[in-house]
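Before any comments, here is the structure.
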Amino acid sequence: MNKNNYNVVGVMSGTSLDGIDVAHVNFTFSEIWSYKIIAAETIPYSPEWEKKLSEAVGYNEEQLRQLDTDYTKLLGNVISEFLSKNDIFDTHAVCSHGHTIKHEPENAYTLQIGNQPELPKILNCKVVCDFRVQDVQLGGQGAPLVPIGDELLFGEYDYCLNIGGFANISTINGGKRLAYDICAVNTVLNVLSQQINLPFDKDGEVAASGEVLPKLLEELEKMPFYGLRPPKSLGIEWVQKHIFPLLKKYDAIPDLLRTYTEHAAEMIANEFRDSSEEKVLVTGGGAFNKFLIQEIKKRTRTQVVIPAPEVVNFKEALIFAFLGVLKLRGENNVLGSVTGASKDHSSGNIFNP
């Protein structure tokens, strides 16, 4: 293996259940890291799988074990088809995040399914996976893990903001990389949209047609989570416990979408230092929500940069591919300053076929 050139596949499934992101990436190292996305695709979940994954937070241990086995097979099939379709025969490794079912760092527990040792046997290639568990064992939040990639691949930006199921941000503060979850975004907006038979609110058009609900906006902004200092992270359990009960008090979906979009925009813009000299790179599905981006821009002078669609859509798959490369090199791929772990470390399991 050329120690400065890596040909890998990154795999990511997020909490918004958009599907499985798969990206074939080449990384090269010459004083600094560079990357090229060669091929990338999002494979949507079937309605059955979407239902299973959305309900799995309530599964018992036996159901979760079976789900883990079934999901590992699903991942194997999806990745195999991607490799075959794109004539990828010489990959150094598949670097897979799996899918988060439960994330409870306060209980020293996080569960990502699809990381079983059977995966490399299905794929007949090396697999690097299960990146979060070790960090939680070291006292960390197990999230966010993307900031090492922000630092080494996107260091020209003052902030890297990802807007997916949750919004998270990373930046340098006091000479150290800090990163944390800001608020729920598509985990809320998509559920509201589905109540009016839309998979999501395209461009934020329905939200833009609604009216702000002042009392709800005030209740949302009083959430104790927003007052916590980093490191901090969110999971779907938090949304179900704290956000959905507030929304159920109201009926008009356009008004709920408008109010929650403005809430998310406010929470996100609050994280910038509000300087026209600084730039924020915005990725994730929320970067395509024109109304949300407009509302963020209204609230800050920081330059909002939306990159090429392949970076918007596949940045997390790209960076999990990179985490795998760092693991193969035996280098740190998780920053304790970000997660709150007792030290920087090289996380993940390496499984051979």
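Side notes on the structure shown:
- Rounded to the nearest 20, the size of the Cβ-charge dipole of the chain about its Cα centre is 460 debye, with Lys and Arg at +1 and Asp and Glu at -1.
- Given K36/K126; K52/K343; K3/K315; K73/K327, the pairs whose alpha carbons are separated by over 29 Å: K52/K343
- The residues of the range 187-257 expose, per residue, 56 Å² of accessible area to a 1.4 Å probe.
- Cβ-placed point charges (K, R +1; D, E -1), dipole of the range 215-353 about Cα centre in debye, nearest 20: 120
- Take each peptide in 23-35, 123-135, count the other Cβ atoms within 10 Å of every residue, and average; sorted highest first, the result is 123-135, 23-35.
- Beta bridges per DSSP with both ends in the chain, % antiparallel, nearest 5: 75
- Span-rule helices in the chain, defined as complete DSSP H runs reaching 18 Å or more along the axis (Cα) with Kyte mean at least 0.0: 253-269, 309-328
- Shown in residue order for the range 222-237 are the 3J(HN,Hα) couplings computed by the Karplus curve 6.51 cos²θ - 1.76 cosθ + 1.60 at θ = phi - 60°: 8, 4, x, 4, 5, x, 6, 8, x, x, 7, 9, 10, x, 4, 4 Hz (x for Gly and Pro).
- Distance (nanometres) between label positions extended 7 Å along Cα→Cβ at N332 and E218: 4.6
- Protection proxy ranking of 204-215, 329-340, by the mean of other Cβ atoms within 10 Å over each peptide's residues and highest first, is 329-340, 204-215.
- Heavy-atom accessible surface of the chain: percent carbon and sulfur, 1.4 Å: 48
- Burial order of peptide ranges 241-250, 142-151, 343-352 (average beta-carbon count within 10 Å, highest first): 142-151, 343-352, 241-250
- Per residue value of the accessible surface for the range 1-153 (all protein chains in place, 1.4 Å probe), Å²: 45
- With the simple model of a label 7 Å out from the Cα in the direction of the Cβ, R273 to Q66 spans 5.4 nm.
The values are calculated or read from the model by the stated rules, or taken from the named source; none is laboratory data. No experiment lies behind these values; they were computed from the predicted model shown. Every residue, glycine among them, receives a Cβ derived from its backbone with ideal geometry; neighbour counts consider all protein chains shown. Accessible surface is based on the protein model in full, side chains and every heavy atom, while ligands, DNA and RNA are left aside. Shrake-Rupley method; radii C 1.70, N 1.55, O 1.52, S 1.80 Å.
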